[in-house]
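The values are calculated or read from the model by the stated rules, or taken from the named source; none is laboratory data. Owing to the predicted nature of the structure, the values given are computational and were not obtained by experimental measurement. As a convention, Cβ positions derive from the backbone with ideal geometry for all residues, glycine included, and neighbour counts pool all protein chains shown.
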Amino acid sequence: MIKACIFDLDGVIVDTAKYHFVAWKKLANALGFDFDEAFNEKLKGVSRIESLNLILEKGGVQLTEAEKDLWAARKNEWYLEYIDRMTADEILPGVLSFLNYCRNTGLKIALGSASKNAPAILERVGLLEYFDVIIDGNKTSRSKPDPEVFLLGAAALDASPRECVVFEDADKGIEAALAGGFFAVGVGQAEQLPLAHVVISGFENLDFTQLIQTITHL
Ligand code: B16
Ligand code: MG
């Protein structure tokens, strides 16, 4: 029986990837190089410091650990300028009604995100109160594809992985869910999420009963 839904944040609840992109681009430009949206795909679901390492590698730039911390903090300040202006209009289509569906049918709701800004973003868009449990980048020591973030979420909800459905937009997140023994629903395009049990384009008009039937009979 499914007892809980665990949601990734960026790309599932809201599209903050576009703000990460402009803030990382500003950092790359300040260091004298650039990268495109295709490269940005590699950063989805990846922690802040790992994202920085990938970007520096791309630009052929070497920094000390202290310099990295400084640039990561600077990038976060630029990112937060966008977050501070977010409104509830930026909640992705169908998410609010699906969260209400979960609440009304007694399904527990957890967040499993790599972002250290996750609580602030949920608060900003008015969704904080929906979450029974929030596991974010401040509470984990291992990044996706390690299943830690989802395992901590399930444990906090007192549910086993097989009693939870994970919703994820990044392939690393799907890998993490599978590694933890969860049902993994990809949110996005099927070609980009080949490992997911099922892929949905979004939450609009989602028939959850049918979704559960499909994944539990796989
Ligand atoms: P922060 P998710 C992830 O969020 C983003 O997809 C990823 O691009 C970002 O680097 C990471 O959070 C860390 O974010 O800098 O805010 O701590 O998809 O796991 O919800
Ligand atoms: Mg994501």
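Numbers at a glance
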quantity: Flag for Glu90 being acidic (Asp, Glu), within 19 Å of the chain's Cα centre (by Cα), surrounded by 14 or more Cβ atoms within 10 Å (Cβ to Cβ) and more than 11 Å from ligand 1 (Cβ to nearest atom); calculated: yes
quantity: Cross-chain or 6+ apart pairs with Cβ under 9 Å, segment 50-78 first and within 25 Å of Lys172 (Cα to Cα) and outside the structural domain of Asp146 (by TED's automatic domain parsing), then basic (Lys, Arg) and not in a helix (DSSP H, G or I); calculated: Asn76/Lys116
quantity: Unmet requirement for Ile212, which otherwise passes all of (1) part of a loop (DSSP other than H, G, I, E, B); (2) at pLDDT below 95; (3) among the aliphatic types (A, V, I, L, M); calculated: (1)
quantity: Residue within segment 112-122 that is within 12 Å of ligand 2 (Cβ to nearest atom), assigned by TED's automatic domain parsing to the domain that holds Gln210, under 25 Å from Gln213 (Cβ atoms) and not hydrophobic (A, V, I, L, M, F, W, C) present; calculated: yes
quantity: Of the criteria (1) buried (at least 19 other Cβ atoms within 10 Å of the Cβ); (2) of a type in the set (Lys, Arg); (3) more than 16 Å from ligand 2 (Cβ to nearest atom), which one Arg74 fails; calculated: (1)
quantity: Filtered residues of segment 74-95 (kept if in a loop (DSSP other than H, G, I, E, B) and farther than 18 Å from Gly45 by Cβ); calculated: Asp84, Arg85, Met86, Thr87, Pro93, Gly94
quantity: Among the candidates Glu81, Glu90, Glu37, residue that is of a type outside the set (A, V, I, L, M, F, W, C) and closer than 27 Å to Asp146 by Cβ; calculated: Glu37
quantity: For Lys18: the one exception among (1) within 15 Å of ligand 1 (Cβ to nearest atom); (2) in a loop (DSSP other than H, G, I, E, B); calculated: (2)
quantity: Residue identified as under 14 Å from the mean Cα position of the chain (by Cα) and charged (D, E, K, R) among Asp169, Asp158, Asp207; calculated: Asp169
quantity: Those residues of segment 24-42 which are surrounded by fewer than 21 Cβ atoms within 10 Å (Cβ to Cβ) and near ligand 1 (Cβ under 9 Å from one of its atoms), in sequence order; calculated: Asn40
quantity: Filtered residues of segment 96-149 (kept if surrounded by fewer than 15 Cβ atoms within 10 Å (Cβ to Cβ), assigned to a loop (DSSP other than H, G, I, E, B) and not charged (D, E, K, R)); calculated: Thr105, Gly106, Gly126, Asn138, Ser141
quantity: Extreme residue, nearest to ligand 2 (Cβ to nearest atom), among residues of segment 154-200 that are assigned to a helix (DSSP H, G or I) and small (Gly, Ala, Ser); calculated: Gly173
quantity: Failed item in (1) of a type in the set (A, V, I, L, M, F, W, C); (2) within 12 Å of ligand 1 (Cβ to nearest atom); (3) part of a helix (DSSP H, G or I), with Val46 passing the rest; calculated: (3)
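Results for (1) in contact with a Lys or Arg (Cβ under 7 Å, 6 or more places away or on another chain); (2) at pLDDT 95 or above; (3) under 30 Å from Ile49 (Cα atoms), shown as yes or no for each residue.
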position: Leu157; (1), (2), (3): yes, yes, yes
position: Ile174; (1), (2), (3): no, yes, yes
position: Phe182; (1), (2), (3): no, yes, yes
position: Ala190; (1), (2), (3): no, yes, yes
position: Glu204; (1), (2), (3): no, yes, no
position: Leu218; (1), (2), (3): no, no, no
